[in-house]
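Note sheet for the following structure.
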Amino acid sequence: MPDTTTLTVPLSPQELQALYEISNAVAREPDIEKALEHIVKLTRPVLIFDNIVVYVKSSDGMQPAFARIVGRGRAAEADLAWGESIASNVINTGHLEIVEERLDNWEQNRLNLRFLLALPLHGGDEIQGAVVFGRFGGPPFSQEQIRLSEFVATHIGQLLVRQQLVGRIAVLEAERRLQTIQENFIAMVSHELRSPLGFIKGYTTTLLRQDISWDENTRYEFLKIIDEEAEHLRGLIDNLLDSSRLQSGAMKMQLQHTPIDELIREIYHRVKRLSQSIDIQLDIKQSFTTWVDPVRFTQVIDNLIANAVKYAEASPISILVDIVDKHPLTSPKAGHIAVTDFGPGIEAEYVEHVFKRFYRVPGKTAQYGAGLGLFICREIMHAHGGEIGCESSLGHGTTFHLYLPLREETEMPSNNMESPE
Amino acid sequence: MNEKILIVDDEPRYLRLVEANLLPEGYHVLQANNGQQAVEMVALHKPDLVMLDVMMPVLDGFQALERIRDFSSVPVIIVSAKGEEQDRVRGLNLGADDYILKPFSASELLARVRAVLRRIQRPGPMSEGVAIFRHGNLTVDFARAEVFRDDKMVYLSATEYRVLLQLVQMYGKVVPSDQLLKDVWGDEYTEDKEILWVSISRLRQKLEDDPRNPVHVVTRSGVGYIMPKLEQ
């Protein structure tokens, strides 16, 4: 004979199905909000409630994390703060609690007769919060329904723990990523700085050897290397400083209304004069005058030319200046400068990354480079309200496109830093 | 004098720097631009010393060293800007004889080169007359500077061979660590215990049936190493 005083009433097939689906919902749904929605939908036909609120313990008490009004209380939707005191009790005692609230006029308005069922939400060894089911107008919760609500509370508790773990993992992941980036940066920078320093140290101490007197030519050769490597070191340090200033917004543009053809011609003639070996062509189709910082803009063009020399050895370099239509910049027209080389090109999968800070295209044999040059170019272009793009075709070459907004002399940009990020 | 030194670096300026310092010393200098070339040149020209950069295209310094050690015991100095502890240990583990960190001074470079070459030039410590030494399954042929384990030839680097000879010479007695460092590497290395540990561990890998329970090269904690007398 079964003991009729204990709760051995078998679950109905409907209840069993609901339990099964609740378990499933908790296990499968990665998003806690959606999982709770499922639970509410599945629980309501068997548990019968009008309101549900999930409170989560926080450092200063508890916060409602989820609340739904599904039944007769809909009219009172604004009144979401209910159940707070019972939830707080349950969190403190760790025991289930049921209260019957008889508000004014409850005999006339049955919505004012409220049954509240609150259960603690356990997760791990701690109480994570409480869930409160509200039923307006009765009848009171039956023993079977209370049992079912305990099952639901267990699952909500698990959901909360899982959410906490996911949150903690995300924080750790982010910290780890940041640390990796910083470590890579330090390793890369120290290697980059050490390389020119190694030459300076090596060649200087070679010249200082007291057991050998170097002839005039050798001395000149070594001193020239020392000079070039010191210059290389200076460039690296400048780039590092520039990139951190641009990143922090501490670099101000000294804007002048500048005829671009003049500026580009100046660069062109300087490159011609300094290195006869570079085959550089200039094609000014249509010039324009707009607001730029001549020093910083020259730095961008210099950087693109230096890249072409470095990665497209012995290739001719061409610079084109014109005005293009329909570029998605401020006005329908934009000033356009293209720097093209006819070297090996960059593989499509890497092109989109070339402007990222510290990014270096894998497999390039060029000796040095901290992955800062193009990042600096992009930041400078953004500070001009402009844009930089890269187009490359393997085996054919690479073109960097610069776009500048066309602004009249009267339209000096008020904000010197216009970084879209 | 006139030892052949192969310098390997993908940076022409490093090749020039090392060459400029070695030529006036009377060394004969060979050059390679990458690891692959280095391996080929070791096989072809049998240099007396190899100075190997780590970060190079085609085959890096570590990979090149691994291949070189498949067929040659030529002394190798790793010259690298990678100064992390694990890089150093990795180089020594692969059988490098020394490790120079970039940036280096000309005098430091020359001192290391001389120290390593001195190691292989010093006459063997074994007195004449004894041509073969046996210890269990281990055989050392002094005339040919060859070592056999179970009659199979074992390639030891010049440094490893010198460590082994020190232990053989003091057969049955403990050789203190600092004495090993001084005799094999040179006066300037007596504090460099790590370089000794790595060589001892490599020797065991090559000579012992069970490197964790060595019978040929045994540690005497806090003192040094011994090749113990075997029970007959």
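The values are calculated or read from the model by the stated rules, or taken from the named source; none is laboratory data. Keep in mind the model is a prediction, meaning the values are calculated, not measured. All Cβ positions, even for glycine, are placed from backbone atoms using ideal geometry, and neighbour counts span all protein chains on display.
Scanning the range A:301-321 for residues that are surrounded by fewer than 16 Cβ atoms within 10 Å (Cβ to Cβ) and either among the charged types (D, E, K, R) or in contact with a Gly (Cβ under 6 Å, 6 or more places away or on another chain) (or both) yields A:D302, A:E313.
Taking each residue of the range B:7-35 that is surrounded by fewer than 18 Cβ atoms within 10 Å (Cβ to Cβ) and looking for partners that are assigned to a loop (DSSP other than H, G, I, E, B) and of a type in the set (D, E) with beta-carbon atoms closer than 8 Å, six or more apart or interchain, yields B:P24/A:D211; B:H28/B:E3; B:N33/B:D9; B:N33/B:D10.
Among the residues of the range A:310-317, is there at least one that is more than 24 Å from A:E408 (Cα to Cα), in contact (Cβ under 8 Å) with a residue 12 or more places away in the chain and among the β-branched types (V, I, T)? Yes; the residues of the range A:310-317 include at least one that is more than 24 Å from A:E408 (Cα to Cα), in contact (Cβ under 8 Å) with a residue 12 or more places away in the chain and among the β-branched types (V, I, T). The residue that is surrounded by the most Cβ atoms within 10 Å (Cβ to Cβ), counting only those in the range A:211-221 that are at the interface with another protein chain (Cβ under 10 Å from one of its Cβ atoms) and charged (D, E, K, R), is A:E221.
Does at least one position in the range A:267-277 carry a residue that is within 26 Å of A:M412 (Cα to Cα), at pLDDT 90 or above and assigned to a helix (DSSP H, G or I)? Yes: the range A:267-277 contains one or more residues that are within 26 Å of A:M412 (Cα to Cα), at pLDDT 90 or above and assigned to a helix (DSSP H, G or I).
Conditions (1) over 15 Å from A:Q145 (Cβ atoms); (2) surrounded by fewer than 19 Cβ atoms within 10 Å (Cβ to Cβ); (3) modelled with pLDDT of 75 or more; (4) aromatic (F, W, Y), marked per residue:
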| residue | (1), (2), (3), (4) |
| --- | --- |
| A:L11 | no, yes, no, no |
| A:Q14 | no, yes, yes, no |
| A:E21 | yes, yes, yes, no |
| A:N24 | yes, yes, yes, no |
| A:E29 | yes, yes, yes, no |
| A:K34 | yes, yes, yes, no |
| A:K41 | yes, yes, yes, no |
| A:Q63 | yes, yes, yes, no |
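Return the residue satisfying two criteria in turn: it lies in the range A:166-210 and is free of Cβ contacts under 8 Å to residues at least 12 places away in the same chain and facing another protein chain (nearest Cβ under 8 Å), and of such residues it is farthest from B:E25 (Cα to Cα). Among those residues, the one meeting the criterion is A:H191. Within the range A:253-262, is even one residue surrounded by 14 or more Cβ atoms within 10 Å (Cβ to Cβ), part of a helix (DSSP H, G or I), within 36 Å of the chain's Cα centre (by Cα) and in contact (Cβ under 8 Å) with a residue 12 or more places away in the chain? Yes, there is a match, as at least one residue in the range A:253-262 is surrounded by 14 or more Cβ atoms within 10 Å (Cβ to Cβ), part of a helix (DSSP H, G or I), within 36 Å of the chain's Cα centre (by Cα) and in contact (Cβ under 8 Å) with a residue 12 or more places away in the chain. Applying the criterion of at least 2 residues that are among the hydroxyl-bearing types (S, T, Y) to the strands (runs of 3 or more DSSP E) found wholly in the range A:21-136 leaves A:51-58. Summed over the range B:187-218, the residues that are out of contact with any helix residue (DSSP H, G or I) (no Cβ under 9 Å at 6 or more places or on another chain) and buried (at least 19 other Cβ atoms within 10 Å of the Cβ) give a count of 2. Please go through (1) among the hydrophobic types (A, V, I, L, M, F, W, C); (2) free of Cβ contacts under 8 Å to residues at least 12 places away in the same chain; (3) assigned to a helix (DSSP H, G or I) for A:A153 and return the number of the only condition it doesn't satisfy. That leaves (2) as the condition not met. Report yes if some residue within the range A:172-194 is part of a helix (DSSP H, G or I), of a type outside the set (S, T, Y) and in contact with a strand residue (DSSP E or B) (Cβ under 6 Å, 6 or more places away or on another chain); otherwise report no. No: zero hits. For the range B:95-104, taking the residues that are surrounded by 21 or more Cβ atoms within 10 Å (Cβ to Cβ) and on the phi < 0 side of the Ramachandran plot, the one that is farthest from the other protein chains (Cβ to nearest Cβ) is identified as B:D97. Meeting the requirement of 3 or more residues that are within 14 Å of another protein chain (Cβ to nearest Cβ), the helices (runs of 4 or more DSSP H) wholly within the range B:1-94 are B:12-22, B:85-93.
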